[in-house]
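Nothing in this text is a laboratory measurement; each read-out follows from the coordinates by a stated rule. The structure presented is a predicted model; accordingly, all values stated were derived computationally and were not measured. Because the Cβ atoms are built from the backbone with ideal geometry, glycine has one as well, and the counts that use them run over all protein chains shown.
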Amino acid sequence: MYHIAICDDDCEVIEKVEKIIETNYSKKMECDVFQSAEELISHQEMEKIIYDIYLLDIEMGEISGLELAKKIREDSKNCVILFMSNHHQYVYDTFDVKPRGFIRKPITKLNLMVEIDKVLNDLLSENTSFHFEYRKKTYSIISRDILYIEKRGRKATLHTSHAKRKTYDFNMKMDDIRQRLDSMTFVQITQSIIINLHHVASFEDGYVYLCNGERIYISGNYRAIFKKGHMEYVRIRF
């Protein structure tokens, strides 16, 4: 069950969105609704919770939906953020907080469900695990926690976003590694490195910059592959 926060200063929008979700996703989602960013922030601090999914209006009172999203991202890198707005030009202002989608107002059952279905499919994919064995131990790492996998000789090293353990070593051919990963989320950028597009912050001058600050060189032969994969990844989420 996913927990979703709906935040909009328009009561009619809140009621409509809540009704659509409760009617069509009652077995998958539970909703809490808020009429201001301040109300949502206060509730989270009081209850000490982070929602799985946020549906945020961009234009609200003193704290906008974009400012609220930045606050949410400080507390959670993995939650899903969807924006709602009458103005499509805001899309370009939202990239820093890595939203999964942008829903044009007026909200309809169709445009809301299309975005929610994409999110649910993404979450299902991200919650799959990458399995491997090393020195008679079996490991299972959730796909969304993988930053990149690097191959050196026979050994492969999996780099994660985990705070306690950053890397795992194992033995596996590059072709086998690639086949076990979701091709829509992972892309090869050198002969020996596959990265998770979910953790890409930016790329320029032949380098990709990850959200943790790491910089990785993109080999010339793989730059077109990376750009195509990254564009498709962004397109699917918008």
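Dimensions of the chain based on its C-alpha atoms, expressed as ranges along the principal axes with the largest first, amount to 59, 39, 31 Å.
Net charge near V13: determine it from the other residues with C-beta under 14 Å of the C-beta of V13, scoring Lys and Arg +1 and Asp and Glu -1. Here the count lands on -3. Using all pairs of distinct alpha-carbon atoms, the Kirkwood hydrodynamic radius of the stretch 2-126 works out to 14.4 angstrom.
Inter-label distance, C11 to T23: 2.1 nm, where each label sits 7 Å from its Cα along the C-beta direction. In the chain, which longest range has no GluC sites (Glu not before Pro) that are both DSSP loop (not H, G, I, E or B) and surrounded by at most 15 other Cβ atoms within 10 Å? Of all site-free stretches, the longest is 63-213.
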